[in-house]
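A.B. asks: Take this structure, written in structure tokens, and hold onto it; I'll ask about it next.
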Amino acid sequence: MKPYIYIRALKHAEHTVFCVQDGQKTYFDNQFNRVVAFSSGQQVKRSILDTLTSTLNVQMAPITFNYNVNSKKELENKEPWSPCDPSYIDQLIGGWMKAGDGITVKRRSPLSISAMRPLHPLLAGVDKENLTFDRSDKPDRNPVVVRLAGSEKPLTEEEIETFLNTHNRTLPRRNWIPDNARTGGLFIYEVAIDLRTLFSVSLNQHEPELSKPIIEKLRNDGWVESENVFGKCIVLPKGQREKTIPALAHALLNWRITSNQARTFSLMETLAVAISDNANTVAGAIRAKLIEDTEKPKAKPIIDETTSAKVFVTLPCAGYIVTVNETVDALEKAEKELTDLMLAFDYENQL
């Protein structure tokens, strides 16, 4: 059995925003001269881990936030510390890095996760709109405070009215929120799962993934010492693996960006999933084809079930791509395929 599983999934997003600090993240596609939206791999990873821990009904690992007070009595952000303990499932799957507190420990995530970006630059778009924060329908219930620049004392009601009459102005209970970017279209993301390190953590102490106290804790908790191509390792017990694997399969296919979507909610439904041990076949299974026999270039989305990848097509997919094999239980079948592949790997006897 090959030690890698590759997943490509196709999602549909509609007039939404992928939560970021300064509005929708975009990049410029040089070939088609278009600005297109994307969600970073880090955000996709966080969403997957949120879904995983929610499915298992467990807490994420506690993170210690560190600050220093400098000579000016100002707070300075320092590196946050994770517990670097694979007993927390989000740490085991997501990896960790900790430096500056004794020995440096780091573990790469066994999941390699791409950004979510358009299936093709011509199959997704970005539009902008102006919004308002408006309470002008009930002016008496929403007070207004006016101050002169440089003064802390607010103007009285009489002074406000005098100013408005003198300068022929109004004082609305309304704020404009300009230039809000939204995106919609067909988006893809990929995940590569390294089964060799999925549930196995290295015991190497030259470039350690684990501190010695954590290693001892894991031994006492029943973790199994073994060896893989990277050297000696310690493996999550079988019972816990069998509980985690179905939840991970579910999270990889059913995650959704939930933050900052109070007014931009999108189902972000999964339209199709391709699974293989060969990255090239999942790329061929869900792809786009450029059509140039028109005045302007166009792209056609394609779901190809003739590749060696296993392809699962959901009912909503038929609304965007011509398909014939969409099924009501496509995602359940894709979850089962992922679950079976992960369960079949011999984590404790890799050599």
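The values are calculated or read from the model by the stated rules, or taken from the named source; none is laboratory data. The shown structure was predicted, so the numbers you read here are calculated from the model rather than taken from an experiment. Here the Cβ is made from the backbone with ideal geometry for all residues, glycine too, and neighbour counts use every protein chain on show.
A.B. asks: When the residues of region 103-115 are filtered to those that are part of a loop (DSSP other than H, G, I, E, B) and among the aliphatic types (A, V, I, L, M), which remaining residue is surrounded by the most Cβ atoms within 10 Å (Cβ to Cβ)? Reasoning before the result, please.
C.D. replies: As a first pass, look at region 103-115 and keep what is part of a loop (DSSP other than H, G, I, E, B): 103-104, 108-110, 114-115.
Remaining after also requiring among the aliphatic types (A, V, I, L, M): 103, 115.
Working: I103: 10, A115: 18.
By that ranking, first place goes to A115.
A.B. asks: Looking only at region 327-342, count every residue that is assigned to a helix (DSSP H, G or I) and of a type in the set (V, I, T) and tell me the total.
C.D. replies: Looking only at that region, the number is 1.
A.B. asks: Among the residues of region 211-232, is there at least one that is touching a residue at least 24 places away in the same chain (Cβ under 8 Å), more than 21 Å from the chain's Cα centre (by Cα), surrounded by fewer than 18 Cβ atoms within 10 Å (Cβ to Cβ) and on the phi > 0 side of the Ramachandran plot?
C.D. replies: Yes, region 211-232 contains at least one residue that is touching a residue at least 24 places away in the same chain (Cβ under 8 Å), more than 21 Å from the chain's Cα centre (by Cα), surrounded by fewer than 18 Cβ atoms within 10 Å (Cβ to Cβ) and on the phi > 0 side of the Ramachandran plot.
A.B. asks: Would you be able to say whether some residue in region 327-338 is more than 25 Å from the chain's Cα centre (by Cα) and more than 17 Å from K11 (Cβ to Cβ)? Before the answer, list the steps.
C.D. replies: Pass one, region 327-338, residues more than 25 Å from the chain's Cα centre (by Cα): 327-328.
The next check asks that each one be more than 17 Å from K11 (Cβ to Cβ); those that pass are 327-328.
For region 327-338, residues more than 25 Å from the chain's Cα centre (by Cα) and more than 17 Å from K11 (Cβ to Cβ): present.
A.B. asks: Specify which of the listed residues (F28, F32, F18) is more than 19 Å from the chain's Cα centre (by Cα), within 30 Å of T314 (Cβ to Cβ) and either part of a loop (DSSP other than H, G, I, E, B) or in the same structural domain as D277 (by TED's automatic domain parsing) (or both). Quick ask: steps written out before the conclusion?
C.D. replies: Details: F28 fails: within 30 Å of T314 (Cβ to Cβ); F18 fails: more than 19 Å from the chain's Cα centre (by Cα).
On inspection, the qualifying residue turns out to be F32.
A.B. asks: Within region 153-199, how many residues turn out to be in a strand (DSSP E or B), within 30 Å of S47 (Cα to Cα) and aromatic (F, W, Y)? Can you show your working first?
C.D. replies: Taking region 153-199 first, the residues in a strand (DSSP E or B) are 154, 174-194.
Subset that is within 30 Å of S47 (Cα to Cα): 177-194.
Filter once more, so that each one left must be aromatic (F, W, Y): 187, 189.
The number of residues fulfilling the criteria is 2.
A.B. asks: Are there any pairs, at least 6 apart or on different chains, whose C-beta atoms fall under 6 Å, with the first in region 191-206 and free of Cβ contacts under 8 Å to residues at least 60 places away in the same chain and the second buried (at least 17 other Cβ atoms within 10 Å of the Cβ) and of a type in the set (A, V, I, L, M, F, W, C), and if so, which?
C.D. replies: These pairs meet every condition: L203/C233; L203/I234.
A.B. asks: Further question on the same structure: Across region 310-326, which residue is modelled with the lowest pLDDT among those that are over 19 Å from H120 (Cβ atoms) and either in a loop (DSSP other than H, G, I, E, B) or of a type in the set (K, R) (or both)?
C.D. replies: Checked region 310-326; the qualifying residue modelled with the lowest pLDDT is V324.
A.B. asks: Which of the numbered conditions does P62 fail, given that it passes all the others? Conditions: (1) assigned to a loop (DSSP other than H, G, I, E, B); (2) touching a residue at least 60 places away in the same chain (Cβ under 8 Å); (3) under 28 Å from D221 (Cβ atoms).
C.D. replies: Of everything listed in (1) assigned to a loop (DSSP other than H, G, I, E, B); (2) touching a residue at least 60 places away in the same chain (Cβ under 8 Å); (3) under 28 Å from D221 (Cβ atoms), P62 misses just condition (2).
A.B. asks: If L122 meets every condition in (1) assigned by TED's automatic domain parsing to the domain that holds P316; (2) in a strand (DSSP E or B) apart from one, which number is that one?
C.D. replies: L122 satisfies all of (1) assigned by TED's automatic domain parsing to the domain that holds P316; (2) in a strand (DSSP E or B) except (2).
A.B. asks: One residue is enough: does region 238-251 have a residue meeting the conditions in contact (Cβ under 8 Å) with a residue 12 or more places away in the chain and more than 25 Å from K45 (Cβ to Cβ)?
C.D. replies: Residues of region 238-251 that are in contact (Cβ under 8 Å) with a residue 12 or more places away in the chain, as a first pass: 238, 241-251.
Narrowing the set further to residues that are more than 25 Å from K45 (Cβ to Cβ) leaves 238.
Yes.
A.B. asks: To continue, here is another question. State all residues of region 172-201 that are surrounded by fewer than 19 Cβ atoms within 10 Å (Cβ to Cβ), at pLDDT 95 or above and not charged (D, E, K, R); if no residue qualifies, say none. If you could, list the steps in order and put the result at the bottom.
C.D. replies: Taking region 172-201 as the starting set, the residues that turn out to be surrounded by fewer than 19 Cβ atoms within 10 Å (Cβ to Cβ) are 172-181, 184, 192, 194, 196.
Okay, now just the ones that are also at pLDDT 95 or above, so 192, 194, 196.
The one that is surrounded by fewer than 19 Cβ atoms within 10 Å (Cβ to Cβ), at pLDDT 95 or above and not charged (D, E, K, R): A192.
A.B. asks: Does S136 satisfy being part of a loop (DSSP other than H, G, I, E, B), among the hydroxyl-bearing types (S, T, Y), surrounded by 10 or more Cβ atoms within 10 Å (Cβ to Cβ) and at pLDDT 90 or above? Write out each step before concluding.
C.D. replies: Numbers: part of a loop (DSSP other than H, G, I, E, B): yes; among the hydroxyl-bearing types (S, T, Y): yes; surrounded by 10 or more Cβ atoms within 10 Å (Cβ to Cβ): yes; at pLDDT 90 or above: no.
Against the criterion (part of a loop (DSSP other than H, G, I, E, B), among the hydroxyl-bearing types (S, T, Y), surrounded by 10 or more Cβ atoms within 10 Å (Cβ to Cβ) and at pLDDT 90 or above), S136 does not qualify.
A.B. asks: Any residue in region 118-129 that is in contact (Cβ under 8 Å) with a residue 40 or more places away in the chain and under 18 Å from P301 (Cα atoms) sitting within a Cβ distance under 8 Å of a residue that is assigned to a strand (DSSP E or B) and among the polar types (S, T, N, Q)? List the pairs, counting only those 6 or more apart or interchain.
C.D. replies: A124/T183; G125/T183
A.B. asks: Specify the residue that is farthest from M268 (Cα to Cα); the eligible residues are those in region 42-84 that are crowded, with 19+ Cβ neighbours inside 10 Å and touching a Leu at 6+ places or on another chain (Cβ under 9 Å).
C.D. replies: By that ranking, first place goes to C84.
A.B. asks: May I ask you to say which residue of G100, G150 is free of Cβ contacts under 8 Å to residues at least 40 places away in the same chain, in a loop (DSSP other than H, G, I, E, B), closer than 29 Å to K212 by Cβ and outside the structural domain of L252 (by TED's automatic domain parsing)?
C.D. replies: G100
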